[in-house]
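Here's the structure, in structure tokens; my notes come after.
The values are calculated or read from the model by the stated rules, or taken from the named source; none is laboratory data. Keep in mind that what you see is a predicted model, and the values were worked out from it rather than measured. Neighbour counts run over all protein chains shown; Cβ positions are idealised from the backbone, glycine included.
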Amino acid sequence: MSTTHINYVEFPATDLTATQLFFEKAFGWSFTSYGPEYSAFSDSGVEGGFFKSKLSANTNKGSALIVLYTEQLEETLNVVEKNGGSIIKPIFAFPGGRRFHFTEPSGNELAVWSDK
């Protein structure tokens, strides 16, 4: 049996330019543009892309939640806000650590957690 693992993730984006700039500035992700409808990212832990869409990924709509890891949770929250992200769930504790949820400029929900 072959091994199967998550290799690539794709998100919708209402504003590809704003979304790309947010992830470049906030997290240092690299992007390759494939025209006005698609931009691929790397340097995030898993590769993926954003496609032009009127939709966004949110857990209240049943979307999977992408969770990023940091050793400096408060600092990362400040970086998210400074670069145009909106905090939708402030830092809270859960078994194993703490996290917060945010939306990026195209409205996609992600979370950041830390065990520190």
Which one of these does THR19 not meet: (1) over 17 Å from SER114 (Cβ atoms); (2) hydroxyl-bearing (Ser, Thr, Tyr); (3) out of contact with any Phe, Trp or Tyr (no Cβ under 8 Å at 6 or more places or on another chain); (4) not in a loop (DSSP other than H, G, I, E, B)? (3)
From the options GLY35, GLY62, GLY85, residue that is within 27 Å of ASP115 (Cβ to Cβ) and either of a type in the set (S, T, N, Q) or out of contact with any Cys (no Cβ under 8 Å at 6 or more places or on another chain) (or both): GLY85
If you check every pair at least six apart or on different chains, which have Cβ atoms under 8 Å apart with a residue in the range 64-75 that is loosely packed, with under 12 Cβ neighbours inside 10 Å first and a residue that is modelled with pLDDT under 95 and of a type outside the set (Val, Ile, Thr) second? GLU71/LYS116
Top-ranked residue in the range 10-38 [being under 14 Å from the mean Cα position of the chain (by Cα) and among the small types (Gly, Ala, Ser); ranked as surrounded by the most Cβ atoms within 10 Å (Cβ to Cβ)]: ALA13
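Working only within the range 76-116, note down all residues that are under 14 Å from the mean Cα position of the chain (by Cα), on the phi > 0 side of the Ramachandran plot and surrounded by fewer than 15 Cβ atoms within 10 Å (Cβ to Cβ).
Filtering the range 76-116 down to residues under 14 Å from the mean Cα position of the chain (by Cα) leaves 76-77, 79-81, 83-88, 99-113.
Of the ones still in play, those that are also on the phi > 0 side of the Ramachandran plot are 84, 107.
Within the range 76-116, no residue meets the criteria.
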